[in-house]
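Here is the structure we will look at, set down as structure tokens.
Taken together, the values in this text are just the output of simple stated rules run on the coordinates, not laboratory data. The shown structure was predicted, so the numbers you read here are calculated from the model rather than taken from an experiment. Using ideal geometry, Cβ is built from the backbone for each residue, glycine included, and neighbour counts are taken over all protein chains shown.
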Amino acid sequence: MIEPGKFDLEGATKGYALNRMCYTLNNAECRAEFAADIDAYCSRFGLSDEERAAVKSRDKDALIAVGGNMYYFQKLNRVKLPENAGKGQNNG
Amino acid sequence: MADLVGGLGTSHVPIIGRTIAASKQEEVPFAPFFRSFDAVHDWVGSRRIDTAIVVFNDHGLNFFLNNMPTFALGVAPLYRNGDEGWGEPKPREFTGDQELSWHIANSLVQAEFDIATCGEMVLDHAGITALDLVWPDPETMPRMIIPLVINAIEPPLPSPRRCYNLGKAIGDAVRSFAPERSVFVVGSGGLSHELGQTGKINEEFDRFCLDTIVDQPEKITGYSSDEIVDLAGSQGVELMTWLVMRGALGERPAAVTSHYQKPISHTGGAMMLIEGAEAV
């Protein structure tokens, strides 16, 4: 099991594409593209089905389990999604 | 000669910055946290401070996993803030103390701390919130800043002892800088974080840190990074920024004021102002 904040090989090697996608969400244009079509945006970064499901769920434990780093995936909660307004906690 | 006049550790959770931006410091449940800075404002207001070294951890703004420095020192002439995902912030600019930052960079590498130097760096809420808490009036802010980013986000993370010793080396570097400079160090982060599976607010540990960091920092530096994660949560390792600050102040500094506030958002909130020992 990946424990955030502690080193292990699984934590170090999993989730790179997911984190890379989340890192782009610092950019307003990227956030708009993500919000417009999450699947297309995830595909562009080569996310697996498991990673994609975690992204859509915005569930912290699911994101950690696929290798998401909190400091990057926290940015998911900052994207305004019309159909999901208010979903997720924004404790950044 | 340059002198290190003091240092301050503070929490930086985003709600603190949002509260300042909305001028609602008196209306929030953690209003006493803001009031505790009155004593800090009196202290810094009665001293000349030329440069603030701001120690914080990046929040996925400057650095991605393609290139993740353990210690990254700003050596830029100018710093700006940036969009962390919430939208473009009100633009801020901070002048860098380029002369002192390169002196510190060179001193650190000579002392075998092989830091990364950053000719560009964007400040996130961690750096800026701390500055705004200490100097709420931009007119009174130190003329110059030097940002130092500690990796607290992607393991392997530097140990508490390593961070404390880095701070000591920074203190030595500042004190060996020939030009006149009055320097203050801010450590921004922590303390314990409530994060569901990966952390709980731990008031006992937070208070232990406040009680020991001035006179017995070795009680904190005796822990491993993993043990800090167990005690304070996976983001509680932001405590490393306080250890760098404390290390820079050298031998026998003195606590001036401190405050503990639980919770601020999902964290154990804390502030501590420490006066540097008189120059030998």
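Give the relative contact order (percent, whole number) for chain A; include only Cα pairs under 8 Å separated by 6+ residues. Intermediate results must be reported in sequence, preceding the final value.
Working: 89 pairs, mean separation 32.2, N = 92.
Result for chain A is 35 percent.
The smallest convex shape that holds all Cα atoms of region A:9-77, its convex hull, gives 72 Å³ per residue. Across region B:45-186, the relative contact order, built from alpha-carbon pairs under 8 Å that are at least six residues apart, equals 44 percent.
Please figure out what share of the DSSP beta bridges in region B:2-275 is antiparallel and state it in percent, rounded to the nearest 5.
Numbers: 20 of 45 bridges.
In region B:2-275, approximately 45 percent of DSSP beta bridges are antiparallel ones.
Within region B:42-162, antiparallel bridges make up roughly 35 percent of the DSSP beta bridges whose residues both belong there.
Which of the residue pairs A:K80/B:K24; A:K60/B:K262; A:K80/B:K200; A:K6/B:K90 have a Cα-Cα distance greater than 30 Å in the structure shown? Result: A:K6/B:K90 exceed 30 Å. Here's how it looks for B:C118: its modeled amide H is under 5 Å from those of B:L73, B:G74, B:V75, which are all 5 or more places away or on a different chain.
If R₀ is 56 angstrom, what is the calculated FRET efficiency for the pair B:A116 and B:R35, using the beta carbon separation as r and rounding to 0.05? Here the calculated transfer efficiency is 0.90. Note on chain B: GNM, Cα springs under 10 Å; of B:G250, B:G236, B:G187, the largest mean-square fluctuation is that of B:G250. Straightening the chain between B:S182 and B:D3 buys 63.9 nm, computed as 0.36 nm per residue apart minus the Cα-Cα spacing.
Starting from the coordinates of the alpha-carbon atoms of region B:13-63, obtain the Kirkwood hydrodynamic radius over all distinct pairs and give the value in Å to one decimal.
Values: mean 1/r = 0.0747 Å⁻¹.
Taking the inverse mean of 1/r over all distinct Cα pairs, region B:13-63 comes out at 13.4 Å.
For region B:1-119, a/c is not less than 1.5, where a ≥ b ≥ c are the root eigenvalues of the C-alpha gyration tensor, and a/b does not top b/c. That puts it in the oblate class. Shielding of peptide A:18-28 by partners, expressed as the average count of other chain Cβ atoms within 10 Å per residue Cβ, is 4. Based on C-alpha pairs under 8 angstrom that are at least 6 apart in sequence, chain B has a relative contact order of 32 percent. For region B:125-175, what does the alpha-carbon gyration tensor say about shape, rounded, prolate or oblate, given a ≥ b ≥ c as the root eigenvalues, a/c under 1.5 as rounded, and a/b over b/c as prolate? Cα axes put region B:125-175 in the oblate bin. Put a dot 7 Å past the Cα of B:D42, heading toward its Cβ, do the same for A:S43, and the two dots end up 6.5 nm apart. Indicate the gyration tensor shape class of region B:2-275 (rounded, prolate or oblate), computed on the Cα atoms with a ≥ b ≥ c the square roots of the eigenvalues: a/c under 1.5 is rounded; otherwise a/b larger than b/c is prolate and the rest oblate. Because its axes are fairly even, with a/c under 1.5, region B:2-275 counts as rounded.
Once every DSSP H run of n ≥ 4 in the protein assembly as shown is given -39500 (n - 2.57) and the sum is divided by its residues, what mean residue ellipticity at 222 nm do you get, rounded to the nearest 500 deg cm²/dmol? Numbers along the way, then the final one.
On the way: 17 runs with 140 residues, N = 372.
It comes out at -10000 deg cm²/dmol, rounded to the nearest 500.
Expressed to the nearest 5 percent, the antiparallel share of DSSP beta bridges inside the protein assembly as shown is 45 percent.
Here the gap between B:R18 and B:R143, fully extended at 0.36 nm per residue and compared with their Cα-Cα distance, gives a gain of 42.6 nm. Loop-resident GluC sites (Glu not before Pro) (DSSP state other than H, G, I, E or B) in region B:157-243 with no more than 12 further Cβ atoms inside 10 Å of their Cβ: B:E180.
Which value, in nm² and rounded to one decimal, describes the direction-averaged projected area of the C-alpha convex hull of the protein assembly as shown? With every direction weighted equally, the projected area is 17.1 nm².
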